[in-house]
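The values are calculated or read from the model by the stated rules, or taken from the named source; none is laboratory data. A quick note: this is a predicted structure, and the numbers were derived from the prediction, not measured. As a convention, Cβ positions derive from the backbone with ideal geometry for all residues, glycine included, and neighbour counts pool all protein chains shown.
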Amino acid sequence: MKIIVAIKQVPSRDAQVRIAPSGNWIDETDLEWAMNEPDAHALEEALQLKEKHDGEVVVVSAGPERVAATIREALAKGADGAIHILCDDLGARDALGVAKLLAAAIQPEDPDLVLTGLQSEDLGLGQTGVILAELLGLPHATLILHVEKIETGIKVKRELEEGWFQSIEMPLPALVTMQSGGNKLRYSTLMGIKRAKTKDLRTVTAVELGVDAAPVVTLEQISAPKKQKSTQILTGSPKEAATALVEKLKTEARVL
């Protein structure tokens with residue numbers, strides 16, 4: 001069973017993020033970077049499937065030279081090989097453009113299963129995985145917490161709203177986007193870090209893949225949330241004020 005896992009390098013959750021002078025993205029100077037958390041859960045699910053059923057796990061990631069550190073982390077955790085799509089303009093590419101890059105690198109691998117994270121922590125669009133499935137011509141499912149190998153393909157546990165779940169059987173090859181929290185992430189061992197240095201890490205440029213960089217969607221501007229303070233005085237009797245307060249907590253604050 002050959003499994004491809006698409007991973008993305010994103011700013012660390014503890015990083016101090018500032019808006020770039022251009023106003024359409026963040027200032028990447030001196031940022032700390034980490035593996036996108038939903039992608040880390042996708043990698044963990046792939047490694048568990050390999051441990052149960054044998055096979056091979058290959059990670060693929062697009063981005064500049066610094067992405068190699070995140071790829072090495074995936075190799076240290078147990079991935080067998082990796083493909084680095086060297087691309088210095090990843091931030092200028094939309095979800096379709098990124099999916100085209102990934103598809104061009106993944107298609108020759110002829111995988112049985114492709115795993116991606118549900119969404120990236122920097123943009124949060126949740127589109128790249130499903131677009132990738134369409135480009136590869138694969139059936140797909142989203143919001144997956146667990147993947148089980150069965151005789152006819154795979155059985156996935158899908159998270160719905162209000163605590164509901166759905167079980168779906170899918171043929172292989174297929175693509176699923178993984179939700180965070182479905183499994184417990186492992187740490188890289190010292191032996192794993194040493195072995196990662198000897199594992200196959202192939203580099204291919206976006207130019208070599210022949211994928212057009214012209215975006216369909218462009219990000220014009222980003223801004224920090226505006227801080228607002230608002231005070232309301234509730235008049236009437238204590239009972240009337242309490243009733244009005246509960247109503248506002250339900251309809252305006254939406255905390256009840």
Any hit, the stretch 204-221, residues being in a helix (DSSP H, G or I), acidic (Asp, Glu) and either surrounded by fewer than 10 Cβ atoms within 10 Å (Cβ to Cβ) or free of Cβ contacts under 8 Å to residues at least 12 places away in the same chain (or both): yes
Test: residue in the stretch 38-53 that is over 18 Å from Asn183 (Cα atoms) and among the aliphatic types (A, V, I, L, M): no
Residue tally, condition under 28 Å from Pro108 (Cβ atoms) and not in a strand (DSSP E or B), over the stretch 135-175: 10
Residues being in contact with a Lys or Arg (Cβ under 7 Å, 6 or more places away or on another chain) and either part of a loop (DSSP other than H, G, I, E, B) or surrounded by fewer than 14 Cβ atoms within 10 Å (Cβ to Cβ) (or both) - total across the stretch 181-203: 2
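Matching residues to (1) buried (at least 21 other Cβ atoms within 10 Å of the Cβ); (2) of a type in the set (Val, Ile, Thr); (3) without any contact (Cβ under 8 Å) to a residue 12 or more places away in the chain; (4) not in a loop (DSSP other than H, G, I, E, B):
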{"position": "Ala34", "(1), (2), (3), (4)": "no, no, no, yes"}
{"position": "Gly91", "(1), (2), (3), (4)": "no, no, no, yes"}
{"position": "Leu102", "(1), (2), (3), (4)": "yes, no, no, yes"}
{"position": "Pro111", "(1), (2), (3), (4)": "yes, no, no, no"}
{"position": "Glu121", "(1), (2), (3), (4)": "no, no, no, no"}
Close pairs (6 angstrom Cβ cut-off, 6 or more residues apart or separate chains): among the acidic types (Asp, Glu) in the stretch 169-183, at pLDDT 95 or above and part of a strand (DSSP E or B) anywhere: Glu169/Lys155
Every residue from the stretch 40-66 that is under 11 Å from the mean Cα position of the chain (by Cα) and under 19 Å from Ala15 (Cα atoms): Ala40
Complete set of residues in the stretch 222-246 that are within 39 Å of the chain's Cα centre (by Cα), surrounded by 10 or more Cβ atoms within 10 Å (Cβ to Cβ) and either free of Cβ contacts under 8 Å to residues at least 40 places away in the same chain or not in a loop (DSSP other than H, G, I, E, B) (or both): Val246
Residue within the stretch 11-23 that is in contact with a Gly (Cβ under 7 Å, 6 or more places away or on another chain) and either assigned to a helix (DSSP H, G or I) or modelled with pLDDT under 95 (or both) present: no
Residue in the stretch 51-58 that is of a type in the set (Asp, Glu) and in a strand (DSSP E or B) present: yes
Answer from Lys77, Lys100 - the residue that is among the basic types (Lys, Arg), within 23 Å of Met1 (Cβ to Cβ) and more than 12 Å from the chain's Cα centre (by Cα): Lys77
Filter result for the condition that a residue is touching a helix residue (DSSP H, G or I) at 6+ places or on another chain (Cβ under 9 Å) and more than 15 Å from Gln9 (Cα to Cα), over Leu96, Leu102, Leu86, Leu118: Leu96
Residue within the stretch 176-192 that is of a type outside the set (S, T, N, Q) and on the phi > 0 side of the Ramachandran plot present: yes
Sole residue being within 20 Å of Ala174 (Cβ to Cβ) and at pLDDT 95 or above, chosen from Leu101, Leu75, Leu47: Leu47
Some residue of the stretch 123-130 being buried (at least 20 other Cβ atoms within 10 Å of the Cβ) and part of a strand (DSSP E or B): no
Thr152, sole failed condition from (1) loosely packed, with under 14 Cβ neighbours inside 10 Å; (2) among the β-branched types (Val, Ile, Thr); (3) within 13 Å of the chain's Cα centre (by Cα): (3)
